Amino acid sequence: MSGVSLQPFIAGLPKAELHVHHVGSASPRIVSELAARHPDAGVPSDLGDLKQFFTFRDFAHFIDVYLAVVDLVRTPEDLRLLTYEVAREMAEGQNLRYAELTCTPYTSVVRGIAIEAYTEAIEDARIAAERDFGLVLRWIYDIPGESGVPAADATLEYALRHRTDALVGFGLGGPEIGVPRAQFAEHFDRARAAGLHSVPHAGETTGPETIWESVHLLGAERIGHGVSAAQDPELLAHLAETGIVLEVCPTSNIATRAVDRIEDHPLRTFVDAGVTVTINSDDPPMFATSLNHDYEVAAGLLDLDESGVAELARSAVDASFAPDDVKARIGAEIDAYAVSARRV
């Protein structure tokens, strides 16, 4: 069954998403509003111009564009707007019931938003989103790797001293080349000791060694992307045996040139090796994608029918750090939806 024929089923399927960036989820509608507030940032407010602005030459160019959008979030009010509107689009457009948003508070704090105001803004938006849209949000605080150890020190402090119950994970993003994982080992040790889950990016633009380092040095429970794991059968076997999950983002990998063609994507290699995978959109508006679309892509790559797609959705719920009652509720929704779809 082709991905196209599954489109209506996927659109109505209750879903969870585990690898999706906070600022990177700002749609052109949201970016346009923020750009109009801050015209000096150099980001176009015209929706047509934004499409061209979000056309990436390579991963480095993507980082440049991403940081330009980060620069639009200058006040707690900007932050609250961004978070609430992203939640609206997740719930209303993608039928998401739960999401773990990867936040990078360091980039906002260095631009002048105090961590106390940052925390208050995202928490206010989270509570309102659950009330208004039925979407449960949790946070992963992400070290921007390109900013080095000072950023890691600050991010750890934010996570430990300004923690709310909604903060569930500690991550590492940004460029991998020239950013060794070892320098962040102590930060991850302390975060894990405090009960946060380890979810670094690895193997998106580097080889399997970066994934090995993330497993051995950072105690990774899930790996963001992990594209290059396909190059190392021993690593695939280790991931399968230990249950370390790969957060796969198919469209993102094409947009950043981590994979040349969608036909070359290693998703099937992961599944055939017994590795647990989840499907995610990463920075969806920037990559002209959505979670629904990435499910369609994954269904095509894996030759899935409706039952197989529903199983992908269950895998995301199971791999999440959601409370048990939330997992049970969403899992039951997925099961009920799959049964009702078979009756149609």
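Residues in region 175-187 that are out of contact with any Ser or Thr (no Cβ under 6 Å at 6 or more places or on another chain) and crowded, with 19+ Cβ neighbours inside 10 Å: Val179, Phe184, His187.
Inside region 291-323, residues that are more than 21 Å from the chain's Cα centre (by Cα), of a type in the set (Asp, Glu) and in a helix (DSSP H, G or I) make up a count of 1.
Of the helices (runs of 4 or more DSSP H) lying entirely inside region 170-264, those containing at least 2 residues that are free of Cβ contacts under 8 Å to residues at least 60 places away in the same chain, of a type in the set (D, E, K, R) and under 20 Å from Pro105 (Cα atoms) span 185-193.
Can you name every residue in region 85-129 that is of a type in the set (Ser, Thr, Tyr) and either in contact with a Ser or Thr (Cβ under 9 Å, 6 or more places away or on another chain) or surrounded by fewer than 20 Cβ atoms within 10 Å (Cβ to Cβ) (or both)? The answer is Tyr98, Thr104, Tyr106, Thr107, Tyr118, Thr119. Here Ala154 meets each of (1) surrounded by fewer than 17 Cβ atoms within 10 Å (Cβ to Cβ); (2) touching a residue at least 40 places away in the same chain (Cβ under 8 Å); (3) among the aliphatic types (A, V, I, L, M) with one exception, condition (1).
A Cβ distance below 7 Å, combined with a sequence gap of six or more or placement on separate chains, defines the contacts here; from region 38-51, residues that are without any contact (Cβ under 8 Å) to a residue 40 or more places away in the chain reach residues that are of a type in the set (S, T, N, Q) and not in a loop (DSSP other than H, G, I, E, B) in the pairs Ser45/Ser32; Leu47/Ser32; Leu50/Ser32. Only helices (runs of 4 or more DSSP H) whose full extent lies in region 29-143 are considered here, and the ones with at least 2 residues that are at pLDDT below 90 and closer than 21 Å to Val199 by Cα are 59-70.
Out of Glu213, Glu241, I need the residue that is out of contact with any helix residue (DSSP H, G or I) (no Cβ under 9 Å at 6 or more places or on another chain) and over 22 Å from Ala288 (Cα atoms). Which one? Full working, then the answer.
Working: Glu213 fails: out of contact with any helix residue (DSSP H, G or I) (no Cβ under 9 Å at 6 or more places or on another chain).
Unique residue meeting the criteria: Glu241.
In the list Glu89, Glu123, Glu116, which residue meets the criterion of being of a type in the set (Asp, Glu) and more than 28 Å from Ala313 (Cα to Cα)? Give the derivation first.
Numbers: Glu89 fails: more than 28 Å from Ala313 (Cα to Cα); Glu123 fails: more than 28 Å from Ala313 (Cα to Cα).
Step by step, each of Glu89, Glu123, Glu116 is checked, and only Glu116 is of a type in the set (Asp, Glu) and more than 28 Å from Ala313 (Cα to Cα).
In region 134-141 there is no residue matching the filter, namely being crowded, with 21+ Cβ neighbours inside 10 Å and either over 16 Å from the mean Cα position of the chain (by Cα) or small (Gly, Ala, Ser) (or both).
One residue is enough: does region 280-290 have a residue meeting the conditions in a strand (DSSP E or B) and either out of contact with any Gly (no Cβ under 6 Å at 6 or more places or on another chain) or surrounded by 24 or more Cβ atoms within 10 Å (Cβ to Cβ) (or both)? Quick ask: steps written out before the conclusion?
First pass over region 280-290, keeping only residues in a strand (DSSP E or B): 282.
Then drop every residue that is not either out of contact with any Gly (no Cβ under 6 Å at 6 or more places or on another chain) or surrounded by 24 or more Cβ atoms within 10 Å (Cβ to Cβ) (or both), which leaves 282.
Yes: region 280-290 contains one or more residues that are in a strand (DSSP E or B) and either out of contact with any Gly (no Cβ under 6 Å at 6 or more places or on another chain) or surrounded by 24 or more Cβ atoms within 10 Å (Cβ to Cβ) (or both).
The values are calculated or read from the model by the stated rules, or taken from the named source; none is laboratory data. Keep in mind that this is a model prediction, so the values were computed, not measured. Note that each Cβ is placed from the backbone with ideal geometry, even for glycine, and that neighbours are counted across all protein chains shown.
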